[in-house]
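Structure first, commentary second.
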Amino acid sequence: MNTISPPARLDLPAIQALAAGDMAAIDALIRDRLASDVVLINQVAEHIVSAGGKRLRPMLVMLAGRATGTIGAEHHQLAAIVEFIHTSTLLHDDVVDESDLRRGRSTANAIWGNAASVLVGDFLYSRSFQLMVELDRMPVMRILADTTNRIAEGEVLQLLHVRNPDTDEAAYLNVIERKTAVLFAAGTRLGALASGADEVTQQALYDYGMQLGYAFQIADDVLDYSGDADALGKNLGDDLAEGKATLPLIHAMAQATPEVQARLREAIETGNIDALPDVLAAIDAAGSLDYSRARAFEYAEAAERALAGLGDNDAVAALRGLARYAVERGH
């Protein structure tokens, strides 16, 4: 009997090895274009860029480019632009959230203060637009201008839901779309665009990036209630302390008794981290982590399905692998 082999899917080390040369070139470009004659800009920007992270967004630009054609200097510049936009949002987020820890290190705002973090974030945004204009391609500028505008809307939308116990799953997903998924989707679309892919293929990569963004953020929010603090590089329960109702807590609220609901509402409204044991108990009783993981897997599977029309090569296998990694990682 003939059996159909499942599509190839690379694991994270194999993906990183595949992208290593391009990622080294992107890192060099990022550091070169970070440079400013204003010393404080260099200090703050270097602090957050050197904090590491997986460089997932620029990697997606490269893999989408390789999945649909060949890689050139334009891909590296697009990847740097996407990373600058992401990094600027991190600086702004940490100020808004009053965070003091990211990736296991003190945040820029904890070291230099809120004003410096906001202003250097603005520098990174404007530097990304300088890089964008250098490419002198209207489709690129349109995609990135629309994306940064959507991200800004997402930031404000999330602010409206802070300390709001009535935030439901639909509102939560709307924030994820604008804050996280649109930049993933822009990166994968731009990678395909720079490789000369047709509109249908660009849309497929855009759809992949969007679904991956949902999967990644939901999985991230699960880890806030279930991960290892040292591995995560941040404090467990940070979302609760910031008054953010993410999917595990939203689901637990919907399943809870009126008495437990009242306790959860109070925890969200006050950002009371002392209520974390009660919140964890409610999340456990409702099976909310399993529910949230299942939702993340649904989006990861949708991301893989979006790749169905592409040919089979190492980059496509890497994109499939990232969809699986997004929901199986421990940090």
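The values are calculated or read from the model by the stated rules, or taken from the named source; none is laboratory data. This is a predicted model, so every value here is computed, not measured. Here Cβ is always computed from backbone atoms with ideal geometry, including for glycine, and neighbour counts include all displayed protein chains. These area figures cover heavy atoms from the full protein model, side chains too; ligands, DNA and RNA do not enter into them. Shrake-Rupley method; radii C 1.70, N 1.55, O 1.52, S 1.80 Å.
Assorted remarks:
- Projecting the Cα positions of ALA64, ALA110, HIS86 onto the charge dipole of the stretch 59-129 (unit charges on Cβ atoms of Lys, Arg, Asp and Glu, taken about the Cα centre) puts ALA64 furthest along the positive direction.
- For the stretch 187-198, 3J(HN,Hα) computed residue by residue from phi via the Karplus equation (6.51, -1.76, 1.60; θ = phi - 60°) reads x, 6, 5, 5, x, 5, 4, 5, 8, x, 5, 6 Hz, glycine and proline entered as x.
- Full-stretch length increase - VAL96, ASP32 - with 0.36 nm per residue and alpha-carbon distance subtracted: 20.2 nm
- Under Karplus coefficients 6.51, -1.76 and 1.60, residue-wise ³J(HN,Hα) of the stretch 217-223 in Hz, glycine/proline x: 6, 4, 4, 4, 6, 5, 5
- Whole-Hz ³J(HN,Hα) from phi, Karplus 6.51 cos²θ - 1.76 cosθ + 1.60, for the stretch 78-88, glycine and proline x: 4, 5, 5, 4, 4, 5, 4, 4, 4, 5, 5
- The shape of the stretch 133-210 comes out oblate: with a ≥ b ≥ c from the C-alpha gyration tensor, a/c is at least 1.5 while a/b does not beat b/c.
- Taking N as the residue count of the stretch 92-137, its C-alpha radius of gyration divided by 2.2 N^0.38 Å amounts to 1.41.
- Cut-off under 5 Å, modelled amide H: who pairs with ARG102 long-range: THR107
- At q = 0.12 Å⁻¹, base-10 log of I(q)/I(0) for the stretch 12-328 (Debye sum, equal scatterers on each alpha carbon): -0.81
- Here the accessible area is traced with a 1.4 Å probe on the protein chains. For the stretch 195-331, carbon and sulfur cover 49 percent of it.
- Cα-based shape type of the stretch 244-284, given that a ≥ b ≥ c are square roots of the gyration tensor eigenvalues and the cut on a/c is 1.5: rounded
- Ranking MET210, LEU119, ALA19 by how far each Cα lies toward the positive end of the dipole of the chain (charges on Cβ) leaves ALA19 at the top.
- Check: the chain dipole with +1 on Lys, Arg Cβ and -1 on Asp, Glu Cβ, in debye: 780
- Shape of the stretch 121-172, Cα gyration tensor, a/c cut at 1.5: oblate
- Database remark: amide H of ALA245 closer than 5 angstrom to the amide H of ARG163, ASN164 (H placed geometrically; neighbours at sequence offset of 5 or more, or on other chains; Pro and chain starts carry no H).
- Ratio Rg/Rh [Cα only; Rh per Kirkwood] for the stretch 37-177: 0.99
- Of the GluC sites (Glu not before Pro) found in the stretch 50-105, those in coil by DSSP whose Cβ has at most 15 other Cβ atoms within 10 Å are GLU98.
- In Å, descending, principal axis extents of the Cα set of the stretch 226-331: 54, 29, 19
- Inter-part distance where the stretch 274-317 and the stretch 26-76 are each reduced to a Cα centre, Å: 27
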